[in-house]
Amino acid sequence: MSAFAPLLISYLIGFLLMHLGVSHLPLKHKPILSFAVAGPLGFGIISLGIFGGYALHAPNGMLLLFTALILLIAWLLQKTFFSAAAENPFSFFSFMRPPLFLARDQRPFFILRLLCVIVFLFSLGIYLKSFLSITCLAPNGDWDARLFWNVKAKFYLRQPEVWSLMFSNVISWSHPDYPLLVPGTVAWGWNWAGHETLLWPALAAMVFSLSIVALVIWHLSVTRNFETGLIAGSFLLSIEFFQTWSASQYADIPQAFFFLAAALFLMHALKIKLSRLFLLAGVMTGFAAWTKNEGLFFVAWLWLTALLYRTKTWLASASERRELIFLLLGLLPALTAICLLKGIYAPHGDYLGSKRTLHDYAHLLFQSPENTRIIFAALKSYTFQTAEWRYLWHLGAAAIGVNLVRALHRKCWDETWIPVLLSVLILAGYVLVIHVTPHPVSWQIKASLTRLLMHTVPLVLIFAFEVLAPENLRPPAATLRQN
Amino acid sequence: MPPSSLVPMKKLEWILGICVLSFGFAQVLLRPVHAIQNPDPAVLVRMARGADEGIPKLGSEFDLFRPYISPQETYSFIMDFPFNSYGSIMKQIYTAQSVLAPVLLNPKTVEKNALVYCSNSAQAQRRLKETGYVLTRPLANGKGLAVKKS
C-alpha cells in the first residue's frame, strides 16, 4: 500500500492540473490525454518541489514539500469543483458510453475495434511479462539506475542535512550535474514507504512507459482513429528495446515521454492556436530538460521548431507573440531549477564547466572524419539493421517519403512534420555530442546509442502511423458517397 | 461533391494505410527476437509487500563499513587495482558508493582516511604499501579502515 499513496497523489496533482489546462479546449478524448500525462506531470512537479524544499532548508525539505503540495491540491480542488468557469470533471467520462446502440452500418467497425482492443491487451500482456521478468532478474534496476539515479535519491533521503554531497566533484563519475527528475521521483516514493523499497522505482518506471503508450493512443485517436491508436500502442509495446529500457529504471523512457508530450502539445497548439497548449508544451519541454542533460538540447530544438512554423508571419500578431510567451512561461520552473543546479550546486559537468575550450570542441567536431564515419555507420546499423525495433525505422523512412510526396502535391507543410523534424534535430544533437564526448567514441556508442535512439522512437512511431494509416477505416468511396 | 480525381488518390492512400495497419498488427503478433523468461512469482510477491525480505540486497558486502564511517569525512577507496573508469573494477566503488551514501568515496588515494576492500590480506598489504596507507581497523580478510601515513 505504501507505494500507492505516492502514486495516487502524483496522479491527483497531475490530473487536476491537466483538467484545468485542457478544460474547455476543443480537443477530443481529453480523459485519455489527462490520464496519459497526469502521472509524469505529477512526478515532475513533485521532483521540482523536493529540490526546491531542500534548496530552501534541507533538514525540513520534505516538510516544505508536503506543505506546498497540500496548498497546491487545495487550490486545484477549489478551482476544479467550486469555480463557476471550470468544466465538470465528471463530464470527462461521458466518452465511456457503452457502444450498445451503434447504427447498423457501424457494427462491422465495432467488431474491428474489439479485435484491436484484444490485440492491444495481448501486447500489453507480453509487455508486462517482459517488464516483470526483467524486474525479477534485476530488482534494483540496471546499471545507471542503481549506481547513479537511485544513489542521488539516497542522498536526498538518508541524511537530508548533507544532501548536497551528491553534487560533490569527488564522485564525478556519478555525474553530479545530472538533472533530478528521476531521483526526486524515487525519493518521493521511498519517503512514503519509510525505506528504500524495490517496488517504487519499478512502479514509477512502468508509469512513464505506459504513459507514453496512452499518449500515442490519444494522439492517433484524435488525428486518425481509435483503432490506429490501439495498433500503434500495441506496436510500441511489442518493441523489445522499449520493454528492456522501461524495466531498466533508466531516465531514458521518462525523457522519451517528455519529448513526445512536448511535441504533441506543440502540434496541437499550432493547429488550434490556444495559449494554454503552448504553456503545456513549455512545461513538458522544461521537464525534459529536468530529466536528462539531453533535454537541454531539446529546449533549443522545440523553440527552433515553434519559430519555424511561425516564419510565414514572423510573429506579426500579438496573439502569436503571446503564444511564445506562454511557451517560455511553461519552461521557467524547470529551467530555474536547472540554472540553480548547474550554476550553484554542480558547476562542473562532462561538457558545461569541463574546462574544455571552444577550440577543443571545434577540433573534435571537424578534425575527426574517422569518428564521423564510425558514428554514422553505427546509426545505420543500430536502426535499420536491428530486428528488435520491428522495422520501425523503415516505417518512419517510408512515412517521410509519402509525406514528402503529399506535401509537394498539396503545397502544404503542415504540423505532421513536427515529430520527424524534432527527431532529426534530436539525433543530430546526439551525433554532435558523441563527437565531443570525453569517453572513447566506440565505448560511448555501445553504452548509449540504443538508449538515445529510444528517445525518438515514440515520435517516429506517431509520425509513421499518422502519415501512413487511413483517416477512416471505411473505404473512401463509401465515405465520399456519404458526404 | 469531391472531384472525381480525388477518389483514386484517396483509395490508394486508404489501401496503403490498411497495409500499414496490417503490418503493425503482424509485428505485434510476431515472436520476439529474444525469448522472455517467466517472472519469478516469489520475487514479485516479496516486492509487492514492500518489505523486500529475501531478495538479495545490492552491495550488502559493503555494510561492514557502515558503523565506522561518517558523512562528515571523505574516504579514499582502495581496491585490488587502481581505479580505471572503463575496467570492471569500477563496479566495486560504484556499488560501495551506492550502499554507503551519503558518505563520499574517492577513487583517488588522496584522502586522510581510506576504506580498504581487497580480495585478501596479501592484496590489501600490497595496495596499502603502494598507496602509502596503514591499516588501522581490520574488518575482514583484506577489508578494513586505513589512515594515510604522515
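The values are calculated or read from the model by the stated rules, or taken from the named source; none is laboratory data. Bear in mind the structure is a predicted one, so any value in this text is a computation, not a measurement. Positions of Cβ are backbone-derived with ideal geometry, glycine not excepted, and every protein chain shown enters the neighbour counts. Ligands, DNA and RNA are excluded from the accessible area calculation, which covers all protein heavy atoms including side chains. Shrake-Rupley method; radii C 1.70, N 1.55, O 1.52, S 1.80 Å.
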### Single match in A:L274, A:L236 (criterion: more than 14 Å from chain B (Cβ to nearest Cβ) and on the phi < 0 side of the Ramachandran plot)
A:L274
#### Entry: Matching residues, segment A:435-447, being of a type in the set (V, I, T) and closer than 20 Å to A:W143 by Cα
A:T437, A:V441, A:I445
### Message
Can you tell me which residue is modelled with the highest pLDDT among those in segment A:1-50 that are open to solvent by 10 Å² or more (accessible area, probe 1.4 Å) and within 14 Å of chain B (Cβ to nearest Cβ)?
### Response
A:L7
### Task
Take segment A:446-473 and flag every residue that is of a type outside the set (K, R), more than 30 Å from A:F109 (Cα to Cα) and either touching a Phe, Trp or Tyr at 6+ places or on another chain (Cβ under 8 Å) or surrounded by 21 or more Cβ atoms within 10 Å (Cβ to Cβ) (or both).
A:L449, A:T450, A:L452, A:L453, A:M454, A:H455, A:T456
#### Entry: Residue that is modelled with the highest pLDDT, among those in segment A:134-150 that are among the charged types (D, E, K, R) and open to solvent by 30 Å² or more (accessible area, probe 1.4 Å)
A:D142
### Residues located in segment A:417-471, provided they are of a type in the set (S, T, N, Q) and assigned to a helix (DSSP H, G or I)
A:S423, A:S442, A:Q444, A:S448, A:T450, A:T456
### Query
Which residue, of A:A316, A:A334, is outside any helix (DSSP H, G or I) and either at pLDDT 95 or above or open to solvent by 40 Å² or more (accessible area, probe 1.4 Å) (or both)?
A:A316
### Task
Give the residues of segment B:7-47 that are in a loop (DSSP other than H, G, I, E, B) and either modelled with pLDDT of 90 or more or more than 7 Å from every other protein chain (Cβ to nearest Cβ) (or both), sorted by residue number.
B:L30, B:R31, B:A35
### Message
When you scan segment A:388-401, do you find a residue that is part of a loop (DSSP other than H, G, I, E, B), within 25 Å of A:L237 (Cβ to Cβ) and within 14 Å of chain B (Cβ to nearest Cβ), even just one?
### Response
yes
### Query
For A:I171, are the conditions met, namely being assigned to a helix (DSSP H, G or I), modelled with pLDDT under 95 and of a type outside the set (D, E)?
yes
### Query
Do you know which of the residues in segment B:94-123 that are more than 8 Å from chain A (Cβ to nearest Cβ) and in a helix (DSSP H, G or I) is nearest to A:W163 (Cα to Cα)?
B:L100
### Query
From the list A:A262, A:A269, which residue is surrounded by 24 or more Cβ atoms within 10 Å (Cβ to Cβ) and at pLDDT below 95?
A:A269
